[in-house]
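K.L.:
My structure is below; once you've seen it, I'll send some questions.
Each reported figure results from applying straightforward, stated rules to the coordinates on display, with no laboratory input. Nothing here was measured: the structure is a model prediction, and the numbers come from that model. Cβ: placed from backbone, ideal geometry, glycine included. Neighbour counts: every protein chain shown.
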Amino acid sequence: MVNILSKIPNIQLDLRYATTNNFMKKAMYPIATNTTFLKLPAANALLKIQKELNKNKLGLKIFDAYRPYFVTKQFWKLVHDERYVANPIKGSGHNRGTAIDVTLINLTTHEELNMGTGFDNFTDSAHHNFTAFSTTILNNRWLLKNIMEKYGFKKLNTEWWHYSFEDSEQHAILNVRFTTLNQLTQYY
């Protein structure tokens, strides 16, 4: 696991589950959480994506990446719908450090590109196959999907923001707290 800010210093973070601005309406991560983590191959791919986007004055904003397993269990208690929340029996790419919730930003304005819905939208309009949006929104979604897939990430059909790195299922489910990961990764 690597600290995303150490690997990609110019990436923007809006860690929604460290705040109350999420579907749970409460902070799921410690308040002091100001970074997130990914497995090294996924982080390396994300760095390549960020560099390519930066050439066009665009960048990534991360809503979530690594998620301790105990949080997935809490999500499941509220939402029993595998289209939007991982069943704890299977775990998730987030628990494995291989999934990321992400959007695109304009580096000049620091504003998010319009994707038609916000993050954590559990409606059909968040699905990749939803096309009742303007050409601009559809192009923004296509741009995100295209660059993520180019570097080995796979989309989740029901969430335009969610991508898992290839071979995600081969990694172990982790239940390590952020404070521990900060200590373990401080030298990487």
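K.L.:
If you take the residues in the stretch 154-171 that are touching a helix residue (DSSP H, G or I) at 6+ places or on another chain (Cβ under 7 Å) and touching a residue at least 40 places away in the same chain (Cβ under 8 Å), which one is surrounded by the fewest Cβ atoms within 10 Å (Cβ to Cβ)?
P.N.:
His171
K.L.:
A further question on this structure: Determine if the stretch 53-65 includes at least one residue that is within 23 Å of Glu169 (Cβ to Cβ) and either part of a helix (DSSP H, G or I) or without any contact (Cβ under 8 Å) to a residue 24 or more places away in the chain (or both).
P.N.:
So far as the stretch 53-65 goes, no, none of its residues is within 23 Å of Glu169 (Cβ to Cβ) and either part of a helix (DSSP H, G or I) or without any contact (Cβ under 8 Å) to a residue 24 or more places away in the chain (or both).
K.L.:
Please work out if Ile105 is in a helix (DSSP H, G or I) and closer than 19 Å to Lys61 by Cβ.
P.N.:
No.
K.L.:
Related question: So which of Asn140, Asn129 ends up being farther than 22 Å from Arg16 by Cα, polar (S, T, N, Q) and without any contact (Cβ under 8 Å) to a residue 60 or more places away in the chain?
P.N.:
Only one candidate passes the filter, namely Asn129.
K.L.:
Could I ask something else about it? Can you tell me which residues in the stretch 87-118 are free of Cβ contacts under 8 Å to residues at least 40 places away in the same chain and surrounded by fewer than 21 Cβ atoms within 10 Å (Cβ to Cβ)?
P.N.:
Asn87, Pro88, Ile89, Lys90, Thr109, Glu111, Asn114, Gly118
K.L.:
Being within 21 Å of Leu184 (Cα to Cα), exposed (fewer than 14 other Cβ atoms within 10 Å of the Cβ) and aliphatic (A, V, I, L, M), is that true of even one residue in the stretch 11-21?
P.N.:
no
K.L.:
Among the residues of the stretch 111-162, count how many are more than 16 Å from Asn56 (Cβ to Cβ) and either in a loop (DSSP other than H, G, I, E, B) or of a type in the set (Val, Ile, Thr) (or both).
P.N.:
23
K.L.:
A further question on this structure: Name the residue that is surrounded by the fewest Cβ atoms within 10 Å (Cβ to Cβ), counting only residues in the stretch 62-86 that are under 19 Å from Thr179 (Cα atoms) and of a type in the set (Phe, Trp, Tyr).
P.N.:
So, considering only residues that are under 19 Å from Thr179 (Cα atoms) and of a type in the set (Phe, Trp, Tyr), the one surrounded by the fewest Cβ atoms within 10 Å (Cβ to Cβ) is Phe70.
Quick grid of which residues meet (1) touching a Leu at 6+ places or on another chain (Cβ under 8 Å); (2) closer than 27 Å to Lys55 by Cα; (3) of a type outside the set (Gly, Ala, Ser):
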{"site": "Ala86", "(1), (2), (3)": "no, no, no"}
{"site": "Val102", "(1), (2), (3)": "yes, yes, yes"}
{"site": "Gly118", "(1), (2), (3)": "no, yes, no"}
{"site": "Asn140", "(1), (2), (3)": "yes, yes, yes"}
{"site": "Asn146", "(1), (2), (3)": "no, yes, yes"}
{"site": "Gly152", "(1), (2), (3)": "no, yes, no"}
{"site": "Gln170", "(1), (2), (3)": "no, no, yes"}
{"site": "Phe178", "(1), (2), (3)": "no, no, yes"}
{"site": "Asn182", "(1), (2), (3)": "no, no, yes"}
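K.L.:
In the stretch 40-49, which residues are surrounded by fewer than 19 Cβ atoms within 10 Å (Cβ to Cβ) and either not charged (D, E, K, R) or not in a helix (DSSP H, G or I) (or both)?
P.N.:
Leu40, Pro41, Asn44, Leu47
K.L.:
Which of the numbered conditions does Asn95 fail, given that it passes all the others? Conditions: (1) in contact with a strand residue (DSSP E or B) (Cβ under 9 Å, 6 or more places away or on another chain); (2) farther than 16 Å from Glu149 by Cβ; (3) not basic (Lys, Arg).
P.N.:
(1)
K.L.:
So, of the residues in the stretch 1-39 that are small (Gly, Ala, Ser) and assigned to a loop (DSSP other than H, G, I, E, B), which turns out to be farthest from Phe119 (Cα to Cα)?
P.N.:
Result: Ala32.
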